Amino acid sequence: MAAPRSVYGCDPDRSRGRLFDEPPSRTRSPFRRDCDRVIHSTAFRRLKHKTQVFVFHEGDHYRTRLTHTLEVAQIARALARQLGLDEDLTEALALAHDLGHPPFGHAGERALDACLRAHGGFDHNAQTLRVVTSLEHRYPDFDGLNLTWETLEGIVKHNGPLTTRNGAPVGRYREHGVPIGIAEYIRTYDLELWSYASLEAQIAAIADDIAYDAHDIDDGLRAGLFTIDDLKVMPLAAGMIADIDASHPGLDDARRGAELVRELISYLIGAVVSEARRRLQVARPASVEDVRHHGELLIAFSPEAAKAEAEIKSFLKLRMYRHQRVMRVMGDAEQILFDLFARYQRQPSDLPPEWLPRDGAEGETESARRIGNFIAGMTDRFALTEHQRLFDSTPDLR
């Protein structure tokens, strides 16, 4: 059952609006409209053939960026409903959160970051902002999707503030500064990088963690990287597996694994709802502005669940992400992107006509970032096809 609408959630009738004014829709709220624009974007469709952990041709049953995104959206809506928040904004943020990811998952991100190190680096959140504000070309009056301020804020700040109030970078951005794509955009449209994002954005972020934890266990089991009994090294999983075995003796491992994944998702959602309600009761925000200025996240795991969730991530890092098979494929995938980037720099004519500089004159940084934008938009399949077109030998990635 949905909770009553809260006073501290985002109200679509009080949205701060869009960078480019548009007449309101007669049938959809501003946040529902944002959600629909993301779904109909070219970048969203490309997620179908972008790697989550396993490259697209390794099997039809492994997650892609698209199926991961849909699972995040489902979990995020469930959380928003329990807390009386705006489900459309929450869903828009969940659906948009990975639009900036390059091909080949985190390996692709590492490769592009290295290629662009002298030109501001690569950050997938900044790339998502770039996609929805400039790289999508679907409307006659503006580039991008012209999303509401609240959606753009959530894309950029879902993990917390990027700067102090005086503009000094914080957290993960302290060493290298705010990503160039975000720093440039806020000169045009201030997203208040010093404040926290809405509860809807915070929910989208934690739903991403829940989805990762659950479906990477599922995919790792399916790939044979570990067994369900290997998961018993984690107390939370061990208890759940014992309960499953007691309730369903003799159950095959595929169903044991599926039941464990369901139990994990339910446990983590429940832990987030309980902790969020506790924090909200203490903080007593009376508006979304109170949430933004509260000084810490209000959507989080309980301490017990946070410990269990960290153990899941540690297990997956060791047994899945650093598995010899996965590391070998991802190493080859990184090299594909290194090769493509260097080739386009040496021979710009190999780029499609629409990706060539329009005025014929641009600096080294502008050229590098344009090439980076092109590669970031590739699917795994297209990156492999391009490599096969331009080079004599292409890794098989199997």
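Quick check on this structure: which one of LEU297, LEU251, LEU225 is in a loop (DSSP other than H, G, I, E, B), aliphatic (A, V, I, L, M) and without any contact (Cβ under 8 Å) to a residue 24 or more places away in the chain?
Only one candidate passes the filter, namely LEU251.
I want to confirm something. Restricting to the stretch 343-380 and keeping residues that are hydroxyl-bearing (Ser, Thr, Tyr) and part of a helix (DSSP H, G or I), which single residue is least open to solvent (accessible area, probe 1.4 Å)?
TYR344
If you check GLY160 against the conditions, is it free of Cβ contacts under 8 Å to residues at least 12 places away in the same chain and in a loop (DSSP other than H, G, I, E, B)?
no
Any idea how many residues of the stretch 1-35 are assigned to a loop (DSSP other than H, G, I, E, B) and either free of Cβ contacts under 8 Å to residues at least 24 places away in the same chain or open to solvent by less than 40 Å² (accessible area, probe 1.4 Å) (or both)?
Adding up the residues that qualify gives 15.
Looking at the stretch 241-257, is at least one residue open to solvent by less than 30 Å² (accessible area, probe 1.4 Å) and basic (Lys, Arg)?
Looking for residues that are open to solvent by less than 30 Å² (accessible area, probe 1.4 Å) and basic (Lys, Arg), one finds at least one in the stretch 241-257, hence yes.
Go through the stretch 41-52 and count every residue that is at pLDDT 90 or above, among the charged types (D, E, K, R) and crowded, with 17+ Cβ neighbours inside 10 Å.
Counting residues in the stretch 41-52 that are at pLDDT 90 or above, among the charged types (D, E, K, R) and crowded, with 17+ Cβ neighbours inside 10 Å gives 1.
THR64: at pLDDT below 95 and touching a His at 6+ places or on another chain (Cβ under 8 Å), yes or no?
Yes: the conditions hold for THR64.
Given the criterion β-branched (Val, Ile, Thr), open to solvent by less than 40 Å² (accessible area, probe 1.4 Å) and at pLDDT 95 or above, identify the matching residue among VAL38, VAL55.
Step by step, each of VAL38, VAL55 is checked, and only VAL38 is β-branched (Val, Ile, Thr), open to solvent by less than 40 Å² (accessible area, probe 1.4 Å) and at pLDDT 95 or above.
Hey, any hits in the stretch 71-82 for a residue that's free of Cβ contacts under 8 Å to residues at least 12 places away in the same chain and in contact with a helix residue (DSSP H, G or I) (Cβ under 7 Å, 6 or more places away or on another chain)?
No - not one qualifying residue is present in the stretch 71-82.
Can GLY105 be described as under 21 Å from ILE336 (Cα atoms) and open to solvent by less than 40 Å² (accessible area, probe 1.4 Å)?
For GLY105, the condition - under 21 Å from ILE336 (Cα atoms) and open to solvent by less than 40 Å² (accessible area, probe 1.4 Å) - is met.
Given the structure, is GLY84 in contact with a Pro (Cβ under 6 Å, 6 or more places away or on another chain) and surrounded by fewer than 21 Cβ atoms within 10 Å (Cβ to Cβ)?
Taking the combined requirement at face value, the residue satisfies it.
Determine which member of the set ALA73, ALA94, ALA80 is at pLDDT 95 or above and in contact with a Leu (Cβ under 6 Å, 6 or more places away or on another chain).
None of the others qualify; the one that does is ALA73.
Within the stretch 205-225, work out how many residues are touching a helix residue (DSSP H, G or I) at 6+ places or on another chain (Cβ under 9 Å) and either more than 29 Å from ALA254 (Cα to Cα) or open to solvent by 10 Å² or more (accessible area, probe 1.4 Å) (or both).
Within the stretch 205-225, residues that are touching a helix residue (DSSP H, G or I) at 6+ places or on another chain (Cβ under 9 Å) and either more than 29 Å from ALA254 (Cα to Cα) or open to solvent by 10 Å² or more (accessible area, probe 1.4 Å) (or both) number 10.
Considering each residue of the stretch 143-201, count those that are open to solvent by 20 Å² or more (accessible area, probe 1.4 Å), within 25 Å of CYS35 (Cβ to Cβ) and among the aromatic types (Phe, Trp, Tyr), and give that number.
Selection size over the stretch 143-201: 3.
Which is under 26 Å from GLU386 (Cα atoms), touching a helix residue (DSSP H, G or I) at 6+ places or on another chain (Cβ under 7 Å) and free of Cβ contacts under 8 Å to residues at least 24 places away in the same chain, of GLU87, GLU109?
Going through GLU87, GLU109 in turn, just one is under 26 Å from GLU386 (Cα atoms), touching a helix residue (DSSP H, G or I) at 6+ places or on another chain (Cβ under 7 Å) and free of Cβ contacts under 8 Å to residues at least 24 places away in the same chain: GLU109.
One line per residue, one yes/no per condition, for (1) closer than 21 Å to ALA197 by Cβ; (2) at pLDDT below 95:
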{"position": "ARG278", "(1), (2)": "yes, no"}
{"position": "VAL282", "(1), (2)": "yes, no"}
{"position": "PRO285", "(1), (2)": "yes, no"}
{"position": "ASP290", "(1), (2)": "yes, no"}
{"position": "HIS293", "(1), (2)": "yes, no"}
{"position": "LEU297", "(1), (2)": "yes, no"}
{"position": "PRO303", "(1), (2)": "no, no"}
{"position": "LYS317", "(1), (2)": "no, yes"}
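Does the stretch 163-205 hold any residues that are part of a loop (DSSP other than H, G, I, E, B) and in contact with a Pro (Cβ under 9 Å, 6 or more places away or on another chain), and which are they?
Listed by number, the residues that qualify are VAL170, GLU175, HIS176, GLY177, VAL178, GLU192, LEU193, TRP194, SER195, TYR196, ALA197.
Looking only at the stretch 270-286, how many residues end up being outside any helix (DSSP H, G or I) and open to solvent by 40 Å² or more (accessible area, probe 1.4 Å)?
Here the count works out to 2.
Confirm whether GLU311 is open to solvent by 30 Å² or more (accessible area, probe 1.4 Å) and part of a loop (DSSP other than H, G, I, E, B).
no
The values are calculated or read from the model by the stated rules, or taken from the named source; none is laboratory data. Please read all numbers here as calculations on a predicted model, not as lab measurements. Because the Cβ atoms are built from the backbone with ideal geometry, glycine has one as well, and the counts that use them run over all protein chains shown. Heavy atoms of the whole protein, side chains included, go into the accessibility calculation; ligands, DNA and RNA do not. Shrake-Rupley method; radii C 1.70, N 1.55, O 1.52, S 1.80 Å.
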